[in-house]
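Since every read-out is calculated from the coordinates, none of them should be taken as a lab result. Treat the numbers as computed from the prediction; the structure is a model and nothing was measured. Cβ atoms come from the backbone with ideal geometry, glycine included; neighbour counts cover every protein chain shown.
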Amino acid sequence: MKFLPCINPATLTRLPRPFDHEEWIFEIKHDGFRALAYVEDGICRLVSRHDHVYKSFAPLCASIARLPVRSAILDGEIVCLDKFGRSVFDRLFYRQGTPYFYAFDLVWLNGRDLRAKPVTQRKALLQELICPGLQVLYLDYVSSCGVRFFDLVCQHDMEGIVAKWKDGRYDEPSWVKIRNPSYSQLINRREKFEKRSRRA
């Protein structure tokens, strides 16, 4: 990775309740491992938001590396999915399913720094890159209607939503997350990490 810069992942703040606004877009917050995918010269490296390089996703990295780019940095979530397309954290945590990279932003493309472009423009460029047959998925969004969208996400027992200002740059604080207060997969989450830490 000679020419790609090290990027600080966009930060999220929290809100207790969803909202509607015509200047904002809303995405599903999938439950997995946040990662930046650095792709260059047919090689992909997945890096966590704490700058840890993931070592256990070699087939996923190989799939991401097949995207039609010379170089790119994508922001997204490593997930395992059920038959309805919902993320299942335990399958990922215990490496029991096929991992996918759910890409929700494009930060760099073929030598171009895209961080100053509005998020909707970055997502449009990202969507053009996604190819069928790869373990890379494009995370779509809805505009304006955050309250109804959040209600649907909660009805399907998903983690929550992320709201993003349409004109927001990548390197400015314009993302907020609203969590489902009844999300079932958070039960005993801390204990799972503590048990793994004791075994390490």
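Descriptive notes on the structure:
- In terms of other Cβ atoms within 10 Å, VAL136, VAL88 run from fewest to most in the order VAL88, VAL136.
- Whole-Å distance, taken between Cα centres, linking segment 126-187 and segment 85-103: 16 Å
- A Gaussian network model of the chain, with springs between Cα atoms under 10 Å, assigns the largest mean-square fluctuation among ARG66, ARG189, ARG14 to ARG189.
- If you model segment 1-115 as an ellipsoid using its alpha carbon gyration tensor, with each semi-axis the square root of five times an eigenvalue, the axes come out at 24, 20, 13 Å, biggest first.
- Relative contact order (%) - criterion: Cα under 8 Å, at least six apart; region: segment 12-199: 29 percent
- In the elastic network of the chain, a GNM with C-alpha springs shorter than 10 Å, the most mobile of LEU186, LEU106, LEU46 is LEU186.
- Relative contact order (%) - criterion: Cα under 8 Å, at least six apart; region: segment 46-131: 28 percent
- Each of GLN121, VAL153, ALA37 was placed along the dipole of the chain (beta-carbon charges, centred on the mean Cα), and the one lying farthest toward the positive end is ALA37.
- For the chain, CYS6, CYS80, CYS131, CYS145, CYS154 have no disulfide-compatible partner, since no other Cys C-beta lies under 4.7 Å from theirs.
- Set LYS29/LYS83; LYS117/LYS164; LYS123/LYS164; LYS55/LYS164; LYS123/LYS166; LYS29/LYS117 screened for pairs whose C-alpha atoms are more than 20 Å apart: LYS55/LYS164; LYS29/LYS117
- MRE, 222 nm, helices only [DSSP H, n ≥ 4, -39500 (n - 2.57), over the chain, to nearest 500]: -6000 deg cm²/dmol
- Base-10 log of normalised Debye intensity for segment 112-199 (one unit scatterer per alpha-carbon) at q = 0.17, 0.19, 0.22 Å⁻¹: -0.95, -1.02, -1.09
- Surface/4 of the Cα convex hull for segment 88-146, nm²: 5.9 nm²
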